[in-house]
Amino acid sequence: MIYVIGGTTASGKSSLAFKFAQKVNGVIINADAFAVYQELKIGTAKPTEAELKNTTNYMFNVRSITEQFSIYEYQQEARKVIDKYLKLQRPIIIVGGSGLYIRAVLYDYQFAKQKVKIDETKYMELSNLDLHTKLREIDSESAEKIHPNNRKRVLRALAIAELGNETKSAQLKKQQKEPLYDYVLVILDAEKQVLNKRIKERVERMFNAGLKQEVNNLIAHYPANLQALQAIGYKEIIENSDKDDAFLIDLIAHKTSKYAKRQRTFFRHQFVGKFFYNKDDAFVYLLEKQKEKSNAKNE
């Protein structure tokens, strides 16, 4: 059986997943886009070394920040793990806040294996609004979902359309609505004020643990524009090196809260699952589902 633990950042997903995995001898698959990178430690709030050592887990620390890592690659690697352990009849626990990664694994998401080459030179004179207007003319549905200021995504959607194939929105429509695997999903969340307080406290703990030093060490050895260094916390410190810790903590907490809002929206609209504000209640629910599965297998 596959169990998915998703939801907002700082909601307790990881601690719930590892507690449940140890209880049922489960296998954990990371579904956090930045926890795959080896060099990103403090700012990604990864599980502790003890948690990783005491469980069977995958997709943590599997890439260097110098490597590109696409959703397609994640999808293929995660599905290999799932297929392996389904045959062995061990519980599989997918945990993380990157909802699109989770959906790409569980549903029939099709990704082009070749990279879409984006020729930005012919668009250099166009403003973000002009680009977005052009996309709206070609693929109005994608334009509705992409903010005009997100130039990178607008350019990609245009590039896909210009290949002469289906538009991006048409590709998404073809994706199978029913999941490829049976799964149980719990979504952890918290009241807005409570969650924002947790986020602020977590960012403060990260700074106390040396996040700023970690970022400075990384940019001393690697280019600051790497994909991995666009993670919240890392990017803000890189772009505001002249600011003091109090300013950076507030900025990172604010950006993280906005990200949590987007996560909440995605999980509510893209999945059918059970919401919990209390991770202990979610743990009981997961145990009940595991018991039901075991009883059904023994009948």
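For the residue pair Ser64 and Asp280, what label-to-label distance in nm results when each label sits 7 Å from Cα along the Cα-to-beta-carbon direction?
Distance between the two pseudo-spin positions: 4.6 nm.
Per-residue ellipticity at 222 nm for the chain, helices alone: DSSP H runs ≥ 4 residues times -39500 (n - 2.57), over residue total, nearest 500 deg cm²/dmol? If you can, show how the numbers build up before the last one.
Details: 13 runs with 158 residues, N = 299.
Helices in the chain give a 222 nm mean residue ellipticity of -16500 deg cm²/dmol.
In percent, how large is the relative contact order of the chain, given Cα pairs closer than 8 Å and 6 or more residues apart? Can you show the working numbers first?
Values: 383 pairs, mean separation 80.7, N = 299.
Over the chain, the number comes to 27 percent.
Got a sec to turn the phi values of the stretch 280-296 into Karplus ³J(HN,Hα) couplings, 6.51 cos²θ - 1.76 cosθ + 1.60 with θ = phi - 60°, whole Hz, x for Gly and Pro?
Here the 3J(HN,Hα) series is 5, 5, 5, 4, 4, 4, 5, 4, 5, 5, 5, 5, 4, 5, 5, 5, 5 Hz.
Of all beta bridges DSSP finds with both residues in the chain, what is the antiparallel percent, to the nearest 5? Mind showing how you got there, number by number?
Details: 1 of 22 bridges.
Within the chain, antiparallel bridges account for around 5 percent of the total.
Using the reciprocal of the averaged 1/r over all distinct C-alpha pairs, how large is the Kirkwood radius of the chain in Å? It would help to have the intermediate numbers written out before the result.
Details: mean 1/r = 0.0480 Å⁻¹.
With all distinct Cα pairs of the chain included, I get 20.8 Å.
Taking the Cα centre of each part, how many Å lie between the stretch 172-230 and the stretch 31-109?
Their Cα centres are 13 Å away from one another.
So what's the projected area for the stretch 9-131, the Cα convex hull averaged over all directions, in nm²? Before the final figure, lay out the partial values.
Working: hull surface 41.0 nm².
Convex hull of Cα atoms, orientation-averaged projection: 10.2 nm².
Counting only residues 5 or more places away or on other chains, whose amide H sits under 5 Å from the amide H of Thr56 once H atoms are built in the peptide plane?
Correct list: Ile28.
Applying a 10 Å radius around every beta-carbon, put 178-188, 35-45 in order of their mean neighbour count, most first.
Numbers: 178-188: 17.6, 35-45: 20.9.
Averaged packing, sorted descending, gives the order 35-45, 178-188.
How high is the FRET efficiency from Arg79 to Asn54, r the C-beta distance, R0 30 Å, rounded to 0.05? Please list the in-between numbers first.
Numbers: r = 25 Å, r/R0 = 0.83.
The pair Arg79/Asn54 has a calculated efficiency of 0.75.
Remind me, relative contact order of the stretch 1-141 in percent, using alpha carbon pairs under 8 angstrom and six or more residues apart? If you can, show how the numbers build up before the last one.
Details: 163 pairs, mean separation 47.1, N = 141.
Value for the stretch 1-141: 33 percent.
Could you give the length gained on full extension between Leu86 and Glu288, defined as 0.36 nm per residue of separation minus the Cα-Cα distance, in nm? Please list the in-between numbers first.
On the way: separation 202, 0.36 × 202 = 72.72 nm, distance 1.93 nm.
Length gained, Leu86 through Glu288: 70.8 nm.
Can you run phi through the Karplus equation (6.51, -1.76, 1.60; θ = phi - 60°) for the stretch 138-150 and list ³J(HN,Hα) in whole Hz, with x for Gly and Pro?
After applying 6.51 cos²θ - 1.76 cosθ + 1.60, I find 8, 9, 5, 5, 5, 4, 5, 8, 10, 5, x, 7, 8 Hz.
Can you tell me how much longer the chain between Arg136 and Glu178 gets when fully stretched, taken as 0.36 nm per residue apart minus their C-alpha distance, in nm with one decimal?
Numbers: separation 42, 0.36 × 42 = 15.12 nm, distance 2.88 nm.
In short, 12.2 nm is gained.
What ranking, highest mean first, results for peptides 253-261, 61-69 when packing means the other Cβ atoms within 10 Å averaged over each residue? Walk me through the numbers before you get to the answer.
Numbers: 253-261: 17.6, 61-69: 15.7.
Ranked from most to least packed, the peptides come out as 253-261, 61-69.
Seen from all sides and averaged, what is the projected area of the convex hull of the Cα atoms in the stretch 218-299, in nm²?
Values: hull surface 36.9 nm².
Its average projected convex-hull area is 9.2 nm².
Computed FRET efficiency, Cβ-Cβ of Asn240 and Glu125, R0 35 Å: what is it to the nearest 0.05?
Working: r = 30 Å, r/R0 = 0.86.
My answer for the efficiency is 0.70.
So what J values fall out for the stretch 88-96 if you push phi through Karplus, 6.51 cos²θ - 1.76 cosθ + 1.60 with θ = phi - 60°, rounded to Hz, Gly and Pro as x?
7, 6, 9, x, 10, 10, 9, 9, x
Beta carbons within 10 angstrom, averaged per residue: use that to sort the peptides 99-108, 1-10, highest first.
Working: 99-108: 20.8, 1-10: 24.8.
The peptides rank, most packed first, as 1-10, 99-108.
A short reminder: the numbers here are calculations on the coordinates, not readings from a lab. Keep in mind it's a predicted model, so treat the numbers as computed, not measured. Cβ: placed from backbone, ideal geometry, glycine included. Neighbour counts: every protein chain shown.
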